[in-house]
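Structure first, then comments.
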Amino acid sequence: MTTSHQLPALDCHAHIAPDVTHRQLAALGDAAVFAVTRDLDEADAVTNRHDKKLVWGIGVHPALPAAVAAYDPDRFRALLPHFAFVGEVGMDRRTPLDSGRAVFSDILTACSDRPVLISVHSTGRVSAVLDELENKRHVGVILHWFTGASRDLARALEMNLYFSVNAAMPDTVFEAIPRDRLLPETDFPARTVRAQRPGHVDTLEDRLSTVWGQGIQDVRYRLWRNLKTIAVDSGAIETLPENIADIIVAT
Ligand SMILES: [Zn+2]
């Protein structure tokens, strides 16, 4: 049986290049990392990879105009069965509201009956993103780096969504989100988070330990348990890479 002190660090949203080498990945240590991609070319490029510690995502980064403009619904649907994880997707103020909404809405439609986890970005478009998620419910949704006002947070909690949080976010957010709805992330290489590498969640776990009044090992165990719940509820447990699923099942 796996005990909490044996659990690796968990990172539910980090950016890793599709051509990352095995040598570079070795530097991540034991960490289990959900690696997002930015467009369908990148997603296509990772379908042949088998990296033990990574869960690769299929993404259309909403802050990148080129990725949004190049979105192809048929290509997304053709690639989707290769993935247990969808990310990074969502909406952002840096791309037009109409096309951003159309792309995100189509992605949610394509994912509606699929056993996947979905990492959703909402910078500057929080209520539009929540509108779409309300119209197209999916139990695998994880709001990444959510910066909505307390009214938005209440709405997201009402929908039973999960949140991946990082060390650049204030304690007030960690206090406001129920601990069974929380997952860890680095959003590496976002500089404001100061994570030295994907999976480097030490600072975040320290902060959660203080906020929750729990030891570091209990914090890590709680975060893996949360992943287990959403992975089982969404069905993603059946499609996640085997060694990651093994850790989850043993948790
Ligand atoms: Zn990101």
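The values are calculated or read from the model by the stated rules, or taken from the named source; none is laboratory data. The shown structure was predicted, so the numbers you read here are calculated from the model rather than taken from an experiment. Cβ sites come from the backbone with ideal geometry, for glycine too, and all protein chains shown count toward neighbours. The area values use the complete protein model at the heavy-atom level, side chains included, leaving out ligands, DNA and RNA. Shrake-Rupley method; radii C 1.70, N 1.55, O 1.52, S 1.80 Å.
Here are some notes:
- Largest GNM mean-square fluctuation across Gln217, Gln196, Gln24, computed for the chain with C-alpha springs under 10 Å, falls on Gln24.
- Amide H partners (placed H, <5 Å) of Gly90, local residues excluded: His121
- Pairwise Cα separations in the chain fall into 10 Å bins from 0 onward with the following percentages, short to long: 7, 34, 40, 17, 2.
- Per residue, the solvent-accessible area of segment 77-204 (1.4 Å probe, heavy atoms of protein chains only, all protein chains present) comes to 43 Å².
- Charged side chains reduced to their Cβ positions (Lys and Arg at +1, Asp and Glu at -1) give segment 4-250 a dipole of some 300 debye around its Cα centre.
- Partners for Lys136 among lysines (Cα-Cα distance below 28 Å; same-chain residues under 8 apart left out): Lys228
- Placing +1 on the Cβ of every Lys and Arg and -1 on the Cβ of every Asp and Glu, with no other charges, gives segment 87-233 a dipole of roughly 160 debye about its Cα centre.
- Taking label points 7 Å from Cα along the Cα-to-Cβ direction, Arg191 and Arg77 give a separation of 4.2 nm.
- Listed values for segment 70-82 are Karplus-derived 3J(HN,Hα) couplings in whole Hz (6.51 cos²θ - 1.76 cosθ + 1.60, θ = phi - 60°), namely 8, 4, 10, x, 5, 5, 4, 5, 6, 7, 3, x, 7, and x replaces Gly and Pro.
- Contact order relative to length of segment 4-250, as percent, for alpha carbon pairs under 8 angstrom and 6 or more apart: 22 percent
- Using only alpha carbons, segment 198-246 has a radius of gyration to Kirkwood radius ratio (Rg to Rh) of 1.06.
- Around the amide H of Arg125, modelled in the peptide plane, lie the amide H atoms of Arg93, all under 5 Å away and 5 or more residues distant in sequence or on another chain.
- Apolar share of the accessible surface for the chain: 48 percent from carbon plus sulfur atoms, 1.4 Å probe.
- Base-10 log of normalised Debye intensity for segment 58-189 (one unit scatterer per alpha-carbon) at q = 0.13 Å⁻¹: -0.50
- Potential lengthening of the chain between Asn160 and Ile216 amounts to 17.6 nm, from the contour at 0.36 nm per residue minus the alpha-carbon distance.
- Furthest towards positive pole of dipole, Val165, Thr37, Ala14, structure part the chain, Cβ charges: Val165
- In this rough spin-label picture, where each label sits 7 Å from Cα along the Cβ direction, the Ser209-Ser105 distance is 4.7 nm.
- Vicinal HN-Hα couplings computed from phi for segment 236-250 (Karplus, 6.51 cos²θ - 1.76 cosθ + 1.60; Hz; Gly/Pro x): 4, 4, 6, 10, 5, x, 4, 6, 6, 4, 4, 5, 4, 4, 7
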